[in-house]
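The values are calculated or read from the model by the stated rules, or taken from the named source; none is laboratory data. If you're wondering where the values come from, they're calculated on a predicted model, not measured in any experiment. FYI the Cβ positions are ideal-geometry reconstructions off the backbone, even for glycines, and counts take in every protein chain you see.
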Amino acid sequence: MRRLLARALSALQRTSARALCLVLGSVALSLVLAACVVGPPQTMPREPGDAQRVRAALSASFVARGQAGLDRLEQDLAQRLCSEAEAAGKPLSDDRVQAIERENQALIRWPAAGTPLLGDWRSGERIAQSGVGRQWSDAPDVPAGGNCYACHQLSPDEFSYGTLGPSLLRYAVLRAQMPRTELERYTYGRIYNPQAWLACSNMPRFGSHGILTQDQIRDLVALLLAPDSPINR
Amino acid sequence: MPDSRRPVWWAALGGLLALALGTASVVAQSAQETAREIERYREAVADSSPGELWEARGEDLWKMPRGPRNVSLERCDLGQGPGVVAGALARLPRWFADADRVMDLETRLLHCMVTLQGLDPAVLRRQPFGNGEQRSDFEALSAWIAAQSRGMTLAPPLDHPAERAAWRLGRELFFVRGGTHDFACTTCHAQSGRRIRLQELPNLSRPEEARRVLGTWPAYRVSQGEMRTLQWRMNDCFRQQRFPDLVFGSEVSVALVSYLLHNASGAALAAPGVRR
């Protein structure tokens, strides 16, 4: 029975499935209908040239507006390789992972020697809350926020947090075994450019892409590491 | 990661599992609150849905002679023959011979306004989305036309090579990272049970989830007091992605809508729906 269904399904996928589904559906063959509903196009193979068509379609379909120019459609190495691998459903080769991480490591800018990596956690909390910035609808001269709460749990007092990234609650407490300077540098770098550690991370490269300033990132490091920050209390 | 090439049965199973896990988590609480709020709202407006205002205006706009040629849209062919509105949404996007391209509902309306009524496409593109006093004809027309397919099954055609190419282009676009934040559609819509702040993010590459949401577009958006179309949704998600401004009816917009609506194939149409 299952094999029969599978064969019917793949036959449906190959032929003009939808029209058939409608006809069969109206005869109330609920099983076959269920097969139709699971739907064919998910399996349509990629064809040569599909990836190339993307570039042409993108440049024909957007206009510059506000601060968002057409240069935003140009992909850098990480954007290009990560998109390609994800569209192909294949993991990146080790070479490419290393190329991306190396390139992004080199993009990190550290505060001048002697400047503490921890700024002001209260300001960090405001930056973590704010989702303003870099959209064509945003005023270009207003400092951008980090919108960390969009993706992370941070302070236990904030219930409105997203789950695209891991929870950062008790961040410093949970990393108490890590040497302090190392933890500070890791945290600063991790916010400045996550892809220096993890190629194709879904977290924005806040420092390297000019979303947040070094001082804003220092404030966020304080939010994550200061003993009196609500995150670690 | 998106699972567009895994066997469908696994995708279905995974979807169910993820759904079950999703509802079990704490996350569900806040999501339930939002859902309750929308439900309360629906009850409050049960007798006079605000969507009906757009539907009524859409019907007028369809029948009213307008433009330099002073004709109505009643000869507009939405794919089922000139003037046929019932069931049109269920079979869009599709390839149209007269334009030799794939069009979704709003793009086809734009085409008809230009070719039948003689309206200026540049002017029409300037006001595709309503904003309070400045109303959008597209949102009203789409609401009324969508209502004429209520209860039908979404089944956009994939017979023409251009329709298949549009779906494939949409799939590619779904993965394109770019802009200041490195976002692609997949950043927010390729995992199940995730959210941004408290907003639930449907996994749109998964048919179960695509079906659950896409059959209710266009939708009345409570927080904005506007009827919104999928063209608006594409534009606004690209804005969040920090991309430049997506052109109304552009190739990218139609390809993504094709991808999404084909993924949602089989959905029971219940548009116009209601959103946060």
Inside region A:81-134, can you point out the residues that are within 14 Å of chain B (Cβ to nearest Cβ), assigned to a helix (DSSP H, G or I) and of a type in the set (A, V, I, L, M, F, W, C)?
A:Leu81, A:Cys82, A:Ala85, A:Ala87, A:Ala88, A:Ile100, A:Ala128
Go through the residues of region A:90-103 one by one and say whether even a single one is surrounded by fewer than 18 Cβ atoms within 10 Å (Cβ to Cβ), free of Cβ contacts under 8 Å to residues at least 60 places away in the same chain, touching an Asp or Glu at 6+ places or on another chain (Cβ under 8 Å) and within 29 Å of A:Ala60 (Cβ to Cβ).
no
Among the residues of region B:238-246, are any surrounded by fewer than 23 Cβ atoms within 10 Å (Cβ to Cβ) and out of contact with any Ser or Thr (no Cβ under 8 Å at 6 or more places or on another chain)?
yes
Search region A:204-233 for residues being in contact with a helix residue (DSSP H, G or I) (Cβ under 9 Å, 6 or more places away or on another chain), of a type in the set (Gly, Ala, Ser) and part of a loop (DSSP other than H, G, I, E, B), and hand back the single one that is nearest to A:Arg180 (Cα to Cα).
A:Ala226
From the options A:Ser137, A:Ser201, residue that is surrounded by fewer than 16 Cβ atoms within 10 Å (Cβ to Cβ), within 11 Å of another protein chain (Cβ to nearest Cβ) and under 20 Å from B:His181 (Cβ atoms):
A:Ser137
Which of the residues that make up region B:214-241 are farther than 18 Å from B:Ala147 by Cβ and part of a helix (DSSP H, G or I)?
B:Arg233, B:Met234, B:Asn235, B:Asp236, B:Cys237, B:Phe238, B:Arg239, B:Gln240
Condition first: of a type in the set (Val, Ile, Thr), buried (at least 22 other Cβ atoms within 10 Å of the Cβ) and within 8 Å of another protein chain (Cβ to nearest Cβ). Can you find one or more residues in region B:190-204 that meet it?
no
Within region A:65-79, tally of residues that are within 19 Å of A:Gln195 (Cα to Cα) and either at pLDDT below 95 or more than 8 Å from every other protein chain (Cβ to nearest Cβ) (or both):
2
For B:Ser265, the lone unmet condition from (1) in contact with a Pro (Cβ under 7 Å, 6 or more places away or on another chain); (2) more than 10 Å from every other protein chain (Cβ to nearest Cβ); (3) not in a helix (DSSP H, G or I) is (2)
Kindly indicate whether B:Asn203 is assigned to a loop (DSSP other than H, G, I, E, B), farther than 17 Å from B:Gln134 by Cα and out of contact with any Phe, Trp or Tyr (no Cβ under 6 Å at 6 or more places or on another chain).
yes
Would it be correct to say that A:Gln153 is out of contact with any Leu (no Cβ under 6 Å at 6 or more places or on another chain), part of a loop (DSSP other than H, G, I, E, B) and either modelled with pLDDT under 95 or not assigned by TED's automatic domain parsing to the domain that holds A:Val63 (or both)?
no
Quick check on my filter: what residues within region B:112-138 are without any contact (Cβ under 8 Å) to a residue 60 or more places away in the chain, of a type in the set (Lys, Arg) and surrounded by 14 or more Cβ atoms within 10 Å (Cβ to Cβ)?
none
